[in-house]
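I have placed the structure first, in the form of structure tokens, so that the comments after it can refer back to it.
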Amino acid sequence: MKRLLFAAALIAASAPSLLVAQTFRTEKFNIGGEGAFDYVAVDPLMSRVFVTRGTHIMVVDGTNGKLIKDLMDTPRVHGTAFSVKDNHGFSTNGGDSTSTMFDLKTLDVLKKVHAGKDGLDGIMYDDATDKILTIDHSKPIGSTVVIDAKTGDVVTTLELSGKGPEGGVSNGKDRIFINNEDNKQIDVIDSKSWKVIGHYATCEGATGIAMDRAANRIFSACDDTTYVLDASSGKAVAKINNGGNVDALGWDQSQKLMYIPSGEGSVTVVHEDSPDKYSVVATVPTMRGARTIAVDDKNHVAYVFTPEYGPPPAGATPPAGGRGRGPRGPIVGAWLIKIVQ
């Protein structure tokens, strides 16, 4: 474990008062393992960190970075979500269009749910209906598959407005909001009828999403800007500048802190001063590539992850679908970075 201590790098000014910057520290764990990555998640039951690694999911103790268990046979896995009520976890396996359903306490696999759609990517849990939603880059149009969190049965499937749906959040009552990265829209879903009932305008390339249920505000993150929307009307009430290459958002409800991860190597920490006013209180250095995030709002810590690659071999070519990345060498480190107040 390597500890890095630092003072927050940015003080946000607002008239007529000056907001004092907050101080954060990081703890850095090399958790090992092979494979690419996408989303990280923290289970609300035991605060373990789930790190998706392409073909498997590493379940890690967030206090020390030690591997607890490796969940295997999750081809092209992207994310995980949890129902504490049912003691179940679920994954999105894009490689075989399934969701692995597992026991949240023992981590034993219970079954594979066949989604019936391709391109499984994001995933979320809606506590109002006790349903898991896979968020899919399916063809010809994006979709969400609704799964009963208790039984693992597919309930219904909805077509969305874009080809690239990413993250989703629930208001805990009757609405679900899903970002689309290709059409500058958030799809609004009525979770009682399971129908798309409207669309909110957001920024281009919308990926990460979170929500302050108490203030009824949606946070929608794009490459270098995060929009704040009134969840009742869809009106944009604030815009936050952040680092580029953002692919997720974290939110700590009791602390009123938003964590915006930049794949360029930092996390922008933003305080909600009021429902329509937001102040950057810190810019936390992480590592290049750490673009997704999970927040443990019980212990008030956040986690990002990225592999570290060595020099590419001579004559290596860029990976297919690499979004402009150059060729890569072997993995020389797999860094889970913990951000602590």
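Computed values, structure above
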| quantity | calculated |
| --- | --- |
| Sole exception among (1) crowded, with 24+ Cβ neighbours inside 10 Å; (2) in contact with a Pro (Cβ under 7 Å, 6 or more places away or on another chain) for Asp96, by number | (1) |
| In region 76-85, residue surrounded by the fewest Cβ atoms within 10 Å (Cβ to Cβ) [restricted to those that are part of a strand (DSSP E or B) and among the aliphatic types (A, V, I, L, M)] | Ala81 |
| Search result, residues across region 161-214 that are in contact with a Lys or Arg (Cβ under 9 Å, 6 or more places away or on another chain), farther than 18 Å from Leu249 by Cβ and hydroxyl-bearing (Ser, Thr, Tyr) | Ser191 |
| Region 266-278, residues that are of a type outside the set (S, T, N, Q) and crowded, with 17+ Cβ neighbours inside 10 Å | Val267, Val269, Val270, His271, Glu272, Tyr278 |
| In region 279-309, residue nearest to Pro330 (Cα to Cα) [restricted to those that are surrounded by 23 or more Cβ atoms within 10 Å (Cβ to Cβ), hydrophobic (A, V, I, L, M, F, W, C) and free of Cβ contacts under 8 Å to residues at least 60 places away in the same chain] | Ala290 |
| Scope region 101-143; condition aromatic (Phe, Trp, Tyr) and over 25 Å from Ser161 (Cβ atoms); matching residues | Phe102 |
| Residue match in region 240-258 (condition: in contact with a Phe, Trp or Tyr (Cβ under 6 Å, 6 or more places away or on another chain), within 25 Å of Met287 (Cα to Cα) and surrounded by fewer than 19 Cβ atoms within 10 Å (Cβ to Cβ)) | yes |
| Residue ranges of strands (runs of 3 or more DSSP E) in region 213-318 with at least 1 members within 19 Å of Thr202 (Cβ to Cβ) and of a type in the set (Gly, Ala, Ser) | 217-221, 236-241, 250-252, 257-262 |
| Of residues in region 110-130 being over 18 Å from the mean Cα position of the chain (by Cα) and crowded, with 21+ Cβ neighbours inside 10 Å, the one farthest from Glu159 (Cα to Cα) | Val113 |
| Single match in Leu107, Leu71, Leu45 (criterion: surrounded by fewer than 21 Cβ atoms within 10 Å (Cβ to Cβ), modelled with pLDDT of 95 or more and not charged (D, E, K, R)) | Leu107 |
| Filter result (touching a residue at least 40 places away in the same chain (Cβ under 8 Å) and in a loop (DSSP other than H, G, I, E, B)) within region 56-75 | Gly62, Asn64, Gly65 |
| Within region 193-214, considering residues that are buried (at least 23 other Cβ atoms within 10 Å of the Cβ) and of a type in the set (Gly, Ala, Ser), the one nearest to Glu181 (Cα to Cα) | Ala206 |
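The values are calculated or read from the model by the stated rules, or taken from the named source; none is laboratory data. In this text the structure is predicted, and so the values were computed from the model without any measurement. Here the Cβ is made from the backbone with ideal geometry for all residues, glycine too, and neighbour counts use every protein chain on show.
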